[in-house]
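Q: To start, I am sharing the structure in question, which I have written as structure tokens.
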Amino acid sequence: MGPSRNRFSSGKIVKKPIFAVVIGINKYGSSSYPNLCGAAEDADRFNNYLTHGLGVPCDSIYSLRNEDASRDGIIQSIRWLKGHTKIKKDEAVIIIYFAGHGVRTNKRMQMICPSDIGTEIPFKNGRTKLVEGICGITLAKHFKELSRAKGDNIVRPIFIPKVMIHF
């Protein structure tokens, strides 16, 4: 496991394993959300910092780029952390990094935009549904569950929104 250095009042440095979800989205499936330049590359650089700078093993990082960073994929990545057997409660640092579109609605709700936001999901009955963003309330629910399972040493999302869209 990659070390994380935490200084306690005694001045002693304690190493903790690091686990991370690193998401970067340049390509969006809906024309309502323009493609970005650099978000996936920012995520790649952060991933590289984790592995080479901090020594985090690749199997301790869940990386999603572009179409893999769908709504379901992002939620599954948080569930991966929650179910990861090597993450012992209160003994690891958990980092969640997101580079992509962020949205603030006119109701002042904030959300992150997965790669499939605004695309249609077909149902067997012929109807469709638009994929929605992942709002702060939904993220908070998943982070609370993660915190209960693995402890509260979570760097809650490092958001690097490339463009903040207002609706």
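Quick note: the coordinates plus some simple rules give every number you see, no bench work behind them. This is a predicted model, so every value here is computed, not measured. When we count neighbours, we look across all protein chains shown, and the Cβ atoms used for this are built from the backbone with ideal geometry, even at glycine.
Q: Fewest to most neighbouring Cβ within 10 Å: what's the order for R45, R71?
A: R45, R71
Q: Additional query: Any idea how far apart N48 and M109 come out in nm if each label point goes 7 Å out from Cα toward Cβ?
A: The modelled label-to-label distance comes out at 3.8 nm.
Q: Same structure again: So how far apart, in nm, are the two label points at E91 and R127 if each is 7 Å from Cα heading toward Cβ?
A: Between E91 and R127, the simple spin-label model gives 4.8 nm.
Q: Between D59 and T138, what is 0.36 nm times their sequence separation minus the Cα-Cα distance? Round to one decimal in nm.
A: The span from D59 to T138 would gain 25.8 nm if fully extended.
Q: Which order, highest average first, do 31-42, 93-104 follow once you tally other Cβ atoms within 10 Å for each residue and take the mean per peptide?
A: Top of the packing list down: 93-104, 31-42.
Q: Provide the three semi-axes, in whole Å and in decreasing order, of the ellipsoid equivalent to the range 8-107 as defined by the square roots of 5 times the Cα gyration tensor eigenvalues.
A: Semi-axes from the Cα gyration tensor: 29, 15, 14 Å.
Q: Give the cross-link partners of K88 among the lysines, using a straight C-alpha distance below 28 Å as the criterion and excluding same-chain residues fewer than 8 apart.
A: Answer for K88, where 28 Å is the Cα cut-off: K12, K15, K16, K141, K144, K150, listed by chain and number.
Q: Within 10 Å of each residue's Cβ, count the other Cβ atoms and sort R108, R65 from fewest upward.
A: Ascending number of Cβ neighbours within 10 Å: R108, R65.
Q: On alpha carbon coordinates alone, what is the Rg over Rh value for the range 69-118, Rh being the Kirkwood radius?
A: Here the Rg-to-Rh quotient is 1.08.
Q: Let a ≥ b ≥ c be the square roots of the eigenvalues of the Cα gyration tensor of the range 46-167; is it rounded (a/c under 1.5), or, if not, prolate (a/b larger than b/c) or oblate?
A: prolate
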